[in-house]
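Written below as structure tokens is the structure these notes are about.
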Amino acid sequence: MIRDPDTIKQLVDTIERFVRERLVPAENQLAEEARLPDDILEEMKALGLFGLTIPEEYGGLGLTMEEEMLVAIALGRTSPAFRSIMGTNNGIGSAAIVFAGDEAQKEKYLPKYASGEWISCFCLTEPDAGSDAASLKTTAIRDGDHYILNGTKRYITNAAVANTFNVMARTDPGIKGARGISSFIVERDTPGISLGTVDKKMGQAGSMTCDVIFEDCAVPAQNLIGAEGEGFKTAMQVLDRGRLHISGVSVGVAERLIADALEYAMQRKQFGQPIAEQQLIQAMLADSQTECYAAKCMAMETARQRDAGGNVTMESSACKYFATEMVGRVADRAVQIHGGAGYMSEYAVERFYRDVRLFRLYEGTSQIQQLVIARNMIKEAAG
Ligand code: COS
């Protein structure tokens with residue numbers, strides 16, 4: 001929908017203030033306790049952050065992709081783990097229902113996700129199916145008015161706190177590739193689901209991942225999303241959008257790191273002057289600023305193309321590839337500008353350096369984005 005520009009500006013201003021006044025001061029607490037403080041979680045729900053992308057008729061804010069990018073950039077200016085729970089909820093956790101769900105599924109689940117009452121997650125990855133997602137082995141075999149699920153999903157963000165799982169499983173084990181895969185909504189209290197222990201990670205403490213194990217888990221047939229065999233395509237559409245969202249977050253984190261590095265460079269004195277006066281420090285600041293600006297322009301333009309109805313599979317991968325690699329370089333330079341202090345956990349750059357490493361891995365590694373970009377180029381050239 002076309003919204004009054006003032007309304008979205010007010011929303012972004014409110015989120016920027018929330019990030020500055022509530023989230024940035026709580027970054028250390030989040031890192032130490034590895035869980036979101038309850039009061040902050042409630043404030044996020046009250047701000048509507050759990051329903052950013054869910055259509056308004058189902059209780060969300062129904063943001064366009066361009067509007068969502070502005071919010072993602074604003075939220076990026078603090079620890080990514082704050083965004084993870086709600087970003088997964090109204091992003092990859094619920095998008096399959098928005099794109100391909102039937103009316104009953106939308107009415108039942110989307111309002112609960114939008115309010116934050118229910119948490120969702122996206123179960124594609126398996127122990128033996130990471131980048132090669134179409135080789136997944138989890139099965140969902142029809143038995144009367146149920147599908148019986150068996151298999152293990154790995155590194156699932158939000159699973160530990162989820163009320164529903166969007167599970168990709170093979171409904172036709174006779175078909176090896178993508179066409180045998182279907183998409184399901186599985187409720188947490190369905191018998192036959194167990195969770196692994198919460199994974200120990202390099203960074204993003206507070207964003208929890210774990211295994212999800214299905215053993216003869218009987219899921220009602222009405223929980224199939226879309227048609228049998230269409231689940232992989234829907235998952236790829238979900239990731240097209242998710243990859244663009246991560247690009248926005250990467251830009252936000254880069255902006256924060258550049259601000260921290262600039263502030264440090266202006267107050268830290270060596271050789272009788274602030275190190276910001278040194279040309280080699282200026283080069284690092286300038287490179288970071290330029291690359292961040294380029295990533296922002298790419299992401300905003302792709303979001304506008306998507307809002308206009310364009311297929312942005314290639315562009316979305318290009319954005320994720322460039323923006324996540326960019327923020328890796330920016331984080332490295334931010335540590336370098338801080339010198340020895342940048343290696344100390346008292347400075348935020350040390351934590352961000354570890355946090356951003358994940359961006360190049362999840363929702364498709366950089367190498368998978370290269371593959372998607374090149375395949376699309378070849379397909380287009382072949383006509
Ligand atoms: N939108 C719609 N449909 C898509 C699509 C997209 N973006 N991408 C692929 N498809 C369709 C294809 O058109 C094809 O359909 P047909 O069989 O009808 O032609 C089908 O899906 C299979 O696609 P493809 O042949 O390209 O599958 P591959 O197994 O060769 O490779 C990649 C797909 C590698 C791109 C995919 O497995 C991938 O993205 N891997 C990374 C997974 C990932 O991001 N994991 C992170 C977990 S979530 S945190």
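The values are calculated or read from the model by the stated rules, or taken from the named source; none is laboratory data. As the structure is a prediction and not an experimental result, all values here were calculated from the model. Positions of Cβ are backbone-derived with ideal geometry, glycine not excepted, and every protein chain shown enters the neighbour counts.
One residue stands out among those in the range 215-255 that are part of a strand (DSSP E or B) and within 30 Å of Asp307 (Cβ to Cβ): the one that is farthest from the ligand (Cβ to nearest atom), which is Leu224.
Of the residues Val212, Val186, the single one that is crowded, with 23+ Cβ neighbours inside 10 Å, within 14 Å of the ligand (Cβ to nearest atom) and not basic (Lys, Arg) is Val212. So which residues in the range 184-214 are among the charged types (D, E, K, R) and not in a strand (DSSP E or B)? Within the range 184-214, Arg188, Asp189, Asp199, Lys200, Lys201 qualify.
Residues in the range 162-183 that are crowded, with 20+ Cβ neighbours inside 10 Å and either at pLDDT below 95 or in a strand (DSSP E or B) (or both): Thr164, Phe165, Asn166, Val167, Met168, Ala169, Arg170, Ile181, Ser182, Ser183. Residues in the range 215-241 that are under 20 Å from Thr190 (Cβ atoms) and within 22 Å of the chain's Cα centre (by Cα) were compared, and the one that is surrounded by the fewest Cβ atoms within 10 Å (Cβ to Cβ) is Ile225. Screening the range 303-383 for helices (runs of 4 or more DSSP H) wholly inside it with 3 or more residues that are hydrophobic (A, V, I, L, M, F, W, C) and more than 16 Å from the ligand (Cβ to nearest atom) returns the ranges 313-338, 348-355. If the condition is being hydroxyl-bearing (Ser, Thr, Tyr) and over 11 Å from Arg170 (Cα atoms), then the range 114-153 contributes Ser115, Ser120, Thr125, Ser131, Thr152. If you check Asp39, Asp6, Asp13 for being under 17 Å from Arg77 (Cβ atoms) and either of a type in the set (Asp, Glu) or not in a helix (DSSP H, G or I) (or both), only one passes: Asp13.
The condition (being loosely packed, with under 14 Cβ neighbours inside 10 Å and assigned by TED's automatic domain parsing to the domain that holds Arg360) is satisfied by just one residue among Ala318, Ala283: Ala283. Can you confirm whether the range 256-263 contains a residue that is surrounded by 15 or more Cβ atoms within 10 Å (Cβ to Cβ) and within 20 Å of Met65 (Cβ to Cβ)? Within the range 256-263 (the criterion being surrounded by 15 or more Cβ atoms within 10 Å (Cβ to Cβ) and within 20 Å of Met65 (Cβ to Cβ)), the answer is no, since none of the residues qualifies. Of the candidates Leu361, Leu371, the single residue that is under 19 Å from the mean Cα position of the chain (by Cα), without any contact (Cβ under 8 Å) to a residue 24 or more places away in the chain and in the same structural domain as Gly252 (by TED's automatic domain parsing) is Leu361.
Considering only the range 95-125, state which residues are in contact with a helix residue (DSSP H, G or I) (Cβ under 6 Å, 6 or more places away or on another chain), polar (S, T, N, Q) and within 14 Å of the ligand (Cβ to nearest atom). Ser120 - this is the single residue of the range 95-125 that is in contact with a helix residue (DSSP H, G or I) (Cβ under 6 Å, 6 or more places away or on another chain), polar (S, T, N, Q) and within 14 Å of the ligand (Cβ to nearest atom). Of everything listed in (1) within 16 Å of the ligand (Cβ to nearest atom); (2) not in a loop (DSSP other than H, G, I, E, B), the single unmet condition for Ile92 is (2). If the condition is being in contact (Cβ under 8 Å) with a residue 60 or more places away in the chain, in contact with a Ser or Thr (Cβ under 7 Å, 6 or more places away or on another chain) and farther than 17 Å from Glu56 by Cβ, then the range 92-120 contributes Gly93, Ala96, Ala100.
Going through the range 131-157 one residue at a time, which ones are within 11 Å of the ligand (Cβ to nearest atom) and in contact with a Cys (Cβ under 7 Å, 6 or more places away or on another chain)? Lys153, Ile156, Thr157, listed by residue number. Asp287 meets all of the listed conditions (1) within 30 Å of Leu63 (Cβ to Cβ); (2) away from the ligand (no atom under 16 Å from the Cβ) but one, namely (1).
Residue-level check: of (1) hydroxyl-bearing (Ser, Thr, Tyr); (2) within 30 Å of Gln29 (Cβ to Cβ); (3) surrounded by fewer than 24 Cβ atoms within 10 Å (Cβ to Cβ), Ser250 misses just (3).
The condition of being near the ligand (Cβ under 10 Å from one of its atoms), without any contact (Cβ under 8 Å) to a residue 24 or more places away in the chain and either surrounded by fewer than 21 Cβ atoms within 10 Å (Cβ to Cβ) or farther than 18 Å from Gly192 by Cβ (or both) does not hold for Asp128.
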